[in-house]
There are 2 protein chains.
Amino acid sequence: MKSLYLATAEDAARLLPLVAALHLDLGFRTDAAHRERAIQPLIDGSPHGAVWLIGPRRAPVGYIAVSFGWSVEYGGMDAIVDELYIRPAVRGRGMAGEAINALALALKQSTIKALHLGLDRSNEGALRLYQRCGFAARDSQIYMTRKL
Amino acid sequence: MKSLYLATAEDAARLLPLVAALHLDLGFRTDAAHRERAIQPLIDGSPHGAVWLIGPRRAPVGYIAVSFGWSVEYGGMDAIVDELYIRPAVRGRGMAGEAINALALALKQSTIKALHLGLDRSNEGALRLYQRCGFAARDSQIYMTRKL
């Protein structure tokens with residue numbers, strides 16, 4: 001069974017409740033209007049990112065939101081896993097790892113050079129999952145943000 | 001004096017030697033063809049990034065390469081400092097900080113929500129510089145990469 005679908009505008013009604021569930025879990029104080037504004041460009045073909053649904057398209061159990069960027073060092077586009085969510089009821093079945101591997105294959109075929117992600121240091125389960133999926137930690141680096 | 005210029009195709013000949021100098025400093029094994037392929041889209045108006053020259057446009061002393069992406073949490077575009085270089089002869093005069101502040105202002109006016117960057121943990125001078133420029137370290141997070 002194919003387990004990953006590129007979300008389009010017609011998937012909005014199935015996708016937005018999953019986004020709301022992740023934001024609630026993570027304590028992001030977003031409202032429905034914010035989430036709709038944040039997701040709409042990604043399912044309308046924005047060059048800046050895209051969303052993939054995990055599981056059956058008619059009844060998705062999760063999603064991966066990806067941000068596209070550019071790396072001078074790699075000499076091409078790279079991508080960041082911006083958000084990843086799996087419904088609690090279906091966790092522990094390996095779906096996140098399968099989805100990440102299918103995503104990496106799709107991105108590679110689109111000539112994207114590297115896939116990055118950030119996660120909380122204390123989230124050992126996720127850390128092991130991503131290590132199994134071929135991600136290497138960049139421990140010597142520190143990341144900083146300035147809100148604009 | 002204005003200290004930051006958005007680079008366009010006509011700046012390539014002045015920009016590429018600066019990119020070569022940074023890559024040599026950082027040990028990136030890129031050749032001239034790679035650097036040209038990596039920079040050209042950014043000075044031709046790619047949606048994925050842009051380059052700003054630091055100093056007088058006719059005789060730039062450095063550059064900032066920026067990657068544009070998308071954040072569902074922030075609900076809009078964000079940006080990452082992909083590369084920053086200042087010629088050794090003019091370091092220590094505060095030009096990097098001025099350039100970062102001018103860049104942040106320009107990005108904010110383009111409705112970009114946040115500016116991120118990564119740096120080597122051991123680079124204490126850069127860490128202090130970015131803290132003075134309003135960047136906060138995300139110490140609880142770990143970053144991982146999978147090359148595709």
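Assorted remarks:
- Pair list, Cβ < 7 Å and 6+ apart or interchain, from segment B:130-141 residues that are more than 7 Å from A:Met144 (Cβ to Cβ) to residues that are surrounded by fewer than 15 Cβ atoms within 10 Å (Cβ to Cβ): B:Arg132/B:Gly97; B:Cys133/B:Gly97; B:Ser140/A:Asp120; B:Ser140/A:Arg121; B:Gln141/A:Asp120; B:Gln141/A:Arg121
- Taken together, the criteria place A:Ala104 among residues that are within 8 Å of chain B (Cβ to nearest Cβ) and either under 12 Å from the mean Cα position of the chain (by Cα) or in a loop (DSSP other than H, G, I, E, B) (or both).
- Qualifying residue in segment B:76-86 (condition: touching a strand residue (DSSP E or B) at 6+ places or on another chain (Cβ under 9 Å) and more than 16 Å from A:Gly69 (Cβ to Cβ)): yes
- In segment A:36-76, the residues that are closer than 27 Å to B:Glu83 by Cα and touching a Lys or Arg at 6+ places or on another chain (Cβ under 8 Å): A:Ser71, A:Val72, A:Tyr74, A:Gly75, A:Gly76
Conditions tested, residue by residue: (1) surrounded by 16 or more Cβ atoms within 10 Å (Cβ to Cβ); (2) facing chain A (nearest Cβ under 7 Å); (3) over 14 Å from the mean Cα position of the chain (by Cα); (4) assigned to a loop (DSSP other than H, G, I, E, B).
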residue: B:Thr111; (1), (2), (3), (4): no, no, yes, yes
residue: B:Ser122; (1), (2), (3), (4): no, no, yes, yes
residue: B:Gln131; (1), (2), (3), (4): no, no, yes, no
residue: B:Tyr143; (1), (2), (3), (4): yes, yes, yes, no
residue: B:Arg146; (1), (2), (3), (4): yes, yes, yes, no
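- Residue within segment A:77-100 that is in a helix (DSSP H, G or I), more than 12 Å from the chain's Cα centre (by Cα) and either at the interface with another protein chain (Cβ under 9 Å from one of its Cβ atoms) or surrounded by 19 or more Cβ atoms within 10 Å (Cβ to Cβ) (or both) present: no
A quick yes/no check of all residues on (1) in a loop (DSSP other than H, G, I, E, B); (2) surrounded by fewer than 19 Cβ atoms within 10 Å (Cβ to Cβ):
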position	(1), (2)
A:Ala12	no, yes
A:Val19	no, no
A:Leu22	no, no
A:Arg29	yes, yes
A:Ile39	no, no
A:Pro47	yes, yes
A:Ala50	no, no
A:Arg58	yes, yes
A:Ser67	no, no
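- Condition met for B:Glu73 (touching a residue at least 60 places away in the same chain (Cβ under 8 Å) and at the interface with chain A (Cβ under 7 Å from one of its Cβ atoms)): no
Every read-out reported here was derived from the displayed coordinates using simple, explicitly stated rules and does not represent laboratory data. Small disclaimer: the values here were computed from a predicted structure and weren't measured. Counting neighbours? That spans all protein chains shown, and the Cβs are built from the backbone with ideal geometry, glycine included.
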